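Asker: Sharing a structure here in structure tokens format.
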Amino acid sequence: NALSYDEIVARAAEAPAGCDALLFMPFLTGERLGRHRNARAQFFGLGAGHGMEHLHRSILEGVAFAMTRHIRIMEQASNKPLERVIAAGGGARAELWLKIKASAFNIPILVPREPECGIVGCAAMAATATGRFPRVEQAAERFVSYGAEILPDPRWAETYRRTQPVFDKLYYHSHALYDDIDTLAAATRPTQP
């Protein structure tokens, strides 16, 4: 029973913000920022009262919490707060996920009219290279336009503000287990003849 992306998002919309304290660590392919490339995905806090809608929404929220952690690291490094985010690609197509991210970040998200921003960027560079525009920035001003601005939901933002430290704590407490899981996985893999 595979669900489409739209069906998953529709089911996720049925769960409340915060998923009744169900957290998802979204590290299916490891953590991209920092030294824990072997981080693992996990659900935490799963109970009998949680349904598929909670699992679906907790995945979306888990990605938003991981991104929020990254944003805070960048803000500390630059000593400058992030004022807005521009969505792109598949993540720009699901309004619920945009609202979750805007609320987790507690900043607006701009949605370009053309979600495949890479194509627009290539067009801007090509237009500059062929002399149509003297600078890439001018070409970008011409080619890029925004269709929507997704604002944080104040109630969700408050829920996520309270949940983010728990997510961060779970992430940091899991560090010690990643190497153990690697060792366990290596020990249980069949050896090749």
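Asker: Could you check how many residues of the range 137-166 are part of a helix (DSSP H, G or I) and either at pLDDT 95 or above or loosely packed, with under 15 Cβ neighbours inside 10 Å (or both)?
Answerer: The qualifying residues number 17.
Asker: When the range 1-20 is examined, which residues are found to be without any contact (Cβ under 8 Å) to a residue 40 or more places away in the chain and either hydrophobic (A, V, I, L, M, F, W, C) or in contact with a strand residue (DSSP E or B) (Cβ under 9 Å, 6 or more places away or on another chain) (or both)?
Answerer: ALA2, LEU3, ALA10
Asker: Here's something else I'd like to know. Which of the residues that make up the range 101-132 are over 14 Å from SER145 (Cα atoms), of a type in the set (D, E, K, R) and either touching a Ser or Thr at 6+ places or on another chain (Cβ under 6 Å) or crowded, with 16+ Cβ neighbours inside 10 Å (or both)?
Answerer: LYS101
For (1) part of a helix (DSSP H, G or I); (2) among the hydrophobic types (A, V, I, L, M, F, W, C), each residue gets a yes or a no:
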{"residue": "SER58", "(1), (2)": "yes, no"}
{"residue": "GLU61", "(1), (2)": "yes, no"}
{"residue": "LEU82", "(1), (2)": "no, yes"}
{"residue": "LEU98", "(1), (2)": "yes, yes"}
{"residue": "ALA102", "(1), (2)": "yes, yes"}
{"residue": "LEU110", "(1), (2)": "no, yes"}
{"residue": "ILE119", "(1), (2)": "yes, yes"}
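Asker: Related question: Need pairs with beta-carbon distance below 7 Å; first residue closer than 17 Å to PRO26 by Cα and within the range 175-187, second at pLDDT 90 or above and charged (D, E, K, R); sequence gap 6+ or separate chains.
Answerer: Close Cβ pairs satisfying both conditions: TYR178/ARG40; ILE181/ARG40.
Asker: When residues of the range 21-30 are filtered for being part of a loop (DSSP other than H, G, I, E, B) and either within 23 Å of LEU98 (Cβ to Cβ) or of a type in the set (A, V, I, L, M) (or both), how many remain?
Answerer: Residues that pass the stated criteria total 5.
Quick grid of which residues meet (1) modelled with pLDDT of 95 or more; (2) within 12 Å of the chain's Cα centre (by Cα):
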residue: LEU55; (1), (2): yes, no
residue: LEU60; (1), (2): yes, yes
residue: VAL63; (1), (2): yes, yes
residue: ALA66; (1), (2): yes, yes
residue: ILE73; (1), (2): no, no
residue: ASN79; (1), (2): yes, no
residue: GLU83; (1), (2): no, no
residue: ALA88; (1), (2): no, yes
residue: GLY91; (1), (2): no, yes
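Let's see how each residue does on (1) surrounded by 12 or more Cβ atoms within 10 Å (Cβ to Cβ); (2) farther than 23 Å from ALA102 by Cβ:
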{"site": "ALA2", "(1), (2)": "no, yes"}
{"site": "ALA12", "(1), (2)": "yes, no"}
{"site": "CYS19", "(1), (2)": "yes, no"}
{"site": "ALA39", "(1), (2)": "yes, yes"}
{"site": "PHE44", "(1), (2)": "yes, yes"}
{"site": "GLU53", "(1), (2)": "yes, no"}
{"site": "LEU60", "(1), (2)": "yes, no"}
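The values are calculated or read from the model by the stated rules, or taken from the named source; none is laboratory data. All figures in this text were calculated on a predicted structure; none of them were measured in a lab. Cβ: placed from backbone, ideal geometry, glycine included. Neighbour counts: every protein chain shown.
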